[in-house]
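The structure appears below as structure tokens.
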Amino acid sequence: MLEVEDLTIEVEGREIIHDVSFNIDIGETLALFGPNASGKTTLLMAIMGFPRYEVTRGRILFNGEDITHLPVDERSRMGIGILFQRPPVVRGVKMREMVRACLGSREDGAVIEQLAQQANMVELLDREVNYGFSGGEIKRSELLQLIAQSPEFVLLDEPDSGVDLVNISLVGEMINGLLQKDRMRNRTSSGLIITHTGHILDYVNADRACVLLNGGIWCRGNPQEILASIKSHGYEGCAVCQK
Amino acid sequence: MSEITRSKATGERAQKARRKPAPPADDIDLDAYTRVAEEHPYQEDPSRLPPQAKERILESGVTLDNLAQRSGTFLQIDHSVIHSKAQQGGLEVMSSLEALEKYPWLSDYWWQAVSADADKFTAEAERNQHHGYFIRSLPGTKAIQPVQACLYIAQHGLAQNVHNVIIAEEDSELHIITGCATAKIEREGLHIGISEFYVKKGAKVTFTMIHNWAPKMAVRPRSGIIIEEGGVFLSNYVCLKPVRTLQMYPTARCVGENALVRFNSVLVAAPGTTMDIGSRAILEAKGSRAEIVSRAITTGGNITARGHLVGQVADVKGHLECRGLILSEKGAIHAIPELEGLVEGVDLSHEAAVGKIAEEEIEYLMARGLSRDDAVAVIVRGFLSVDIEGLPPELSAQMQRAIEMSERELL
């Protein structure tokens, strides 16, 4: 579904990601581990197509189509969605309006209420987007928007950061729904989950994992094994392991 | 007629103030406008007005086709009162000059909330008044529907000087929608509107004013509000259409304990428009509260958005929020929030922000599949939709309609 080939990304003239390649098949979930400032968010933002993240080499293919230079809204309409770690506050715009926008032509008042109920967000529908939201509310709001958008492929940037124990289980449940984890076969949704701590993997199963260090991929393998190794040796261990 | 009840001293003060400059920008020559208007006949049934006029009037929130939707209607064209009637018992709607003749006591209210010699515009309204409305709710009366008033200018080059007095007697409730408009957008003219509001003990007034002027109009409203104990005054002002120059600074005085005032303004300045608009609340009694919210958008015009909260006694609270959005390379927004605490124990705050739409917000919406234009439209629509607590649904819908109509032009 997603193929990233020899991708190099610059932000404001500074190279952050160097020659990164990976692919994610239909129905597959890839976990991307990495310490702070390793370039994880940069990679996600570039895949989504935000102009600040400039691809200087390599390409991104989505369902076989080269999307490297497509604008963000086109990628979204092709079926790519993103959960922001720190989404902006949009003053004046209500959550209800935002969910309606995500639903597009499927817009329907009843659907909005129903989705909000599932996300435990009904009381937030009339609040301004992300204004004064707690950590858990931000994640639930992001996921509610994504569910309304119903993308084939989701980029999840630290879905477990700033979320308490009560919320993380709901967040996990919502991600599992998005990624059709209830299906044993014929899943059509895929995802890329960034996680620094790995907490979300207690709730969401990833098929494969890789470690991003200093802008490059250092390790690929089984998510639980890699996570166990990181827990034992830290990310420094990953660097040593590769040498 | 009104000579009988009008104070001689006020007249003299107005005479002295007839050339008194009106800061901040004294750019209007009163003598450039005609003070003589053609008379228009009274209409028992205002729905018989020409469709074009009705449409312009409707755009400013005043309906003439279904008066049953309103508790009362006042319509003035140029200097003539075309229609004035209350539809509900306990409410009075008439020309303010007629009221002044009918009620000698009204002179006790005349120029009490606004000074006759404040500037040359108030002086002009005192010296050459052309009606205006008097709306009153008797004690305990709750208006079921809004009372509507329209001040309309049909004649080219005319000065229309109105003096409005609104009195909500004790424990009464009044919802007013006022629309101001010109017959055609080519019209040049001057509108001076004095509005004095008296909100008595336990009374509530919601006042929604939609200005629908024209690119060559000069407009100088002068409003004062006096709110007694437990009284509530909610003002919603919408001006989304071009106007050459518009300056106003309505001032509410909370003179009774636990009085409440809220001012909401939604402004859009197109190229060629200069607006200097503020709201001021003076908290003079314990427990009184004020909230001022303004949203200003420039698409090429200039807006000065002012706000002023004065806390004169302890245990009062006020908040001022002023946000401006610049949607054009040209045009500017100058936000001037002022807080004045004169004693210990006042709680006054403000937040002000002026800028263009953050790129990050546009991209956020684009990541949800919206095109850039649609993302901007959603953000602008959200920016303009001010939540108005306590506004009756009909007025809220009217305001929303005005905003939606201008949105299409805006974007």
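The values are calculated or read from the model by the stated rules, or taken from the named source; none is laboratory data. On a predicted model such as this, the values are computed, not experimentally measured, just so you know. Here the Cβ is made from the backbone with ideal geometry for all residues, glycine too, and neighbour counts use every protein chain on show.
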Task: Members of segment A:46-82 that are assigned to a strand (DSSP E or B), within 14 Å of another protein chain (Cβ to nearest Cβ) and closer than 14 Å to A:Glu152 by Cα - done: A:Ile80, A:Gly81, A:Ile82
Open item on the list: If I filter segment A:52-59 for residues that are surrounded by fewer than 22 Cβ atoms within 10 Å (Cβ to Cβ) and closer than 30 Å to A:Gly132 by Cβ, do I get at least one hit?
Closed with: yes
Open item on the list: When you scan segment B:105-113, do you find a residue that is free of Cβ contacts under 8 Å to residues at least 12 places away in the same chain, surrounded by fewer than 24 Cβ atoms within 10 Å (Cβ to Cβ) and either hydrophobic (A, V, I, L, M, F, W, C) or more than 27 Å from B:Asp31 (Cβ to Cβ) (or both), even just one?
Closed with: yes
- [ ] Given the conditions (1) within 14 Å of chain B (Cβ to nearest Cβ); (2) under 29 Å from A:Glu225 (Cα atoms), report the number of the one that A:Ile26 does not fulfil.
- [x] (1)
- [ ] Scan A:Gly216, A:Gly234, A:Gly177 and give me the residue that is more than 28 Å from A:Leu144 (Cβ to Cβ), without any contact (Cβ under 8 Å) to a residue 60 or more places away in the chain and surrounded by fewer than 21 Cβ atoms within 10 Å (Cβ to Cβ).
- [x] A:Gly234
TODO: Please state which of the following conditions B:Val386 fails to meet, knowing it meets all the rest: (1) within 11 Å of chain A (Cβ to nearest Cβ); (2) at pLDDT 95 or above; (3) within 30 Å of B:Gly202 (Cβ to Cβ).
DONE: (2)
- [ ] Being buried (at least 24 other Cβ atoms within 10 Å of the Cβ) and not β-branched (Val, Ile, Thr) is the filter; apply it to segment B:196-208 and report the residue that is nearest to B:Asn258 (Cα to Cα).
- [x] B:Ala203
Task: Verdict on A:Ser21 being more than 25 Å from A:Arg77 (Cα to Cα) and not basic (Lys, Arg) - done: no
- [ ] State yes or no: is A:Pro87 facing chain B (nearest Cβ under 9 Å), in contact with a Gly (Cβ under 7 Å, 6 or more places away or on another chain) and modelled with pLDDT of 95 or more?
- [x] no
TODO: Run down B:Leu267, B:Leu320 and say which single residue is under 20 Å from the mean Cα position of the chain (by Cα) and at pLDDT 95 or above.
DONE: B:Leu320
- [ ] Write out, first by first residue and then by second, each pair whose Cβ atoms fall under 7 Å of each other, whose residues are 6+ apart or on separate chains, and whose first residue, in segment A:53-70, is under 10 Å from A:Glu3 (Cα atoms) and touching a residue at least 60 places away in the same chain (Cβ under 8 Å) while the second is of a type in the set (Val, Ile, Thr) and surrounded by 14 or more Cβ atoms within 10 Å (Cβ to Cβ).
- [x] A:Phe62/A:Ile80
- [ ] Sort out which residues of segment B:50-88 are in a helix (DSSP H, G or I), charged (D, E, K, R) and over 18 Å from the mean Cα position of the chain (by Cα), and write them in order of number.
- [x] B:Lys54, B:Glu55
- [ ] Could you tell me whether segment A:31-39 includes any residue that is in a strand (DSSP E or B), over 30 Å from A:His199 (Cβ atoms) and away from chain B (no Cβ under 14 Å)?
- [x] no
- [ ] Could you tell me whether segment A:157-170 includes any residue that is at positive phi and touching a Leu at 6+ places or on another chain (Cβ under 8 Å)?
- [x] no
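In segment A:219-231, how many are free of Cβ contacts under 8 Å to residues at least 24 places away in the same chain and either assigned to a helix (DSSP H, G or I) or among the charged types (D, E, K, R) (or both)? Break it down into steps so the answer makes sense when it comes.
As a first pass, look at segment A:219-231 and keep what is free of Cβ contacts under 8 Å to residues at least 24 places away in the same chain: A:219, A:221-222, A:224-225, A:228-229.
With either assigned to a helix (DSSP H, G or I) or among the charged types (D, E, K, R) (or both) added as a condition, the list becomes A:224-225, A:228-229.
So the answer is 4.
Which of the strands (runs of 3 or more DSSP E) contained wholly in segment B:144-212 include at least 2 residues that are of a type in the set (D, E, K, R)? Talk me through it step by step, then tell me what you get.
Working: elements: B:147-153, B:158-168, B:173-182, B:188-199, B:204-212.
So the answer is B:188-199.
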- [ ] Kindly indicate the residue of segment A:60-104 that is more than 22 Å from B:Glu361 (Cβ to Cβ) and small (Gly, Ala, Ser) and also surrounded by the most Cβ atoms within 10 Å (Cβ to Cβ) among those meeting that condition.
- [x] A:Gly79
TODO: Starting from segment A:100-125, take each residue that is away from every other protein chain (no Cβ under 14 Å) and list its partners that are at pLDDT 85 or above and loosely packed, with under 14 Cβ neighbours inside 10 Å, counting only C-beta distances under 6 angstrom and pairs at least six apart or across chains.
DONE: none
Task: Filter pass, B:Ile403 being within 12 Å of chain A (Cβ to nearest Cβ), part of a helix (DSSP H, G or I) and modelled with pLDDT under 90 - done: yes
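Step by step: first the residues of segment A:90-99, then only those that are part of a helix (DSSP H, G or I) and of a type in the set (D, E, K, R), then the one that is nearest to the other protein chains (Cβ to nearest Cβ). Which residue is that? Full working, then the answer.
We begin by selecting, within segment A:90-99, every residue part of a helix (DSSP H, G or I); these are A:95-99.
Pick out the ones that are also of a type in the set (D, E, K, R) and you get A:96-97.
Values: A:Arg96: 11, A:Glu97: 6 Å.
Among those residues, the one meeting the criterion is A:Glu97.
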Open item on the list: Just checking, does segment B:360-379 include any residue being within 14 Å of chain A (Cβ to nearest Cβ), at pLDDT 90 or above and on the phi > 0 side of the Ramachandran plot?
Closed with: yes
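Go through A:Val11, A:Val20 for me and flag whichever is touching a residue at least 60 places away in the same chain (Cβ under 8 Å) and more than 24 Å from B:Arg381 (Cα to Cα).
Values: A:Val11 fails: touching a residue at least 60 places away in the same chain (Cβ under 8 Å).
Answer to the selection: A:Val20.
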